[in-house]
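Structure first, then comments.
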Amino acid sequence: QVQLEESGGGLEQAGGSLRLSCAASGRTFSSYAMAWFRQAPGKEREFVAFISRSGGITYYTDSVKGRFTISRDNTKNTLYLQMNSLKPEDTAVYYCAAHSGNRLRVGAHDYGYWGQGTQVTVSS
């Protein structure tokens, strides 16, 4: 199995940028497709972005397309989420997640491994 730990969250003004990282340990990182999810207070956890094992396929929820970029470095066992043009509605706890297949999955229930989350707060 794989262990995941997010970092890079914080407080940012609207229009600013943050880069989240997710460090993986345990089983070979490149064996997993990865995703970012987020959960705002009082709301369900929602899908943000997906990346395949090799990084060749990415997919985003509509609300972040053109603003967020998911990437991975399999040599460093690390997943990233570059977030630009941040909006107050991006405020949430952000989680990285892994699943052992390679197909696009957008449901939280499809991911068996999760980090503890990192808080992102965007002020207006």
Inset, instruction - Report the FRET efficiency, 1/(1 + (r/R0)^6), for A14 and I57, where r is their Cβ-Cβ distance and R0 is 25 Å, rounded to 0.05. - result: 0.25
Legend entry - Accessible-area composition of the chain, carbon plus sulfur, in percent [1.4 Å probe]: 43
Inset, instruction - Report the local net charge at Y32: Lys and Arg +1, Asp and Glu -1, summed over other residues whose C-beta lies under 14 Å from its C-beta. - result: +3
Inset, instruction - Count charges around A23 for me, please; just the other residues with Cβ under 12 Å from its Cβ, Lys/Arg as +1, Asp/Glu as -1. - result: -1
Inset, instruction - Step through the residues of the stretch 84-100 one at a time and calculate ³J(HN,Hα) from phi using the Karplus curve (6.51 cos²θ - 1.76 cosθ + 1.60, θ = phi - 60°), rounding each to whole Hz and writing x for Gly and Pro. - result: 10, 6, 4, 10, x, 6, 7, 4, 4, 8, 9, 10, 9, 9, 10, 9, 7
Legend entry - Virtual spin-label span in nm between E89 and K76, 7 Å along Cα→Cβ: 3.1
Inset, instruction - Using Cα pairs closer than 8 Å and at least 6 residues apart in sequence, work out the relative contact order for the chain, in percent. - result: 36
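The values are calculated or read from the model by the stated rules, or taken from the named source; none is laboratory data. Since we're looking at a predicted model, the values are computed, not measured. Neighbour counts are summed over all protein chains in view; Cβ atoms, including those assigned to glycine, are modelled from backbone coordinates with ideal geometry. SASA here: full protein model, heavy atoms, side chains in, ligands and nucleic acids out. Shrake-Rupley method; radii C 1.70, N 1.55, O 1.52, S 1.80 Å.
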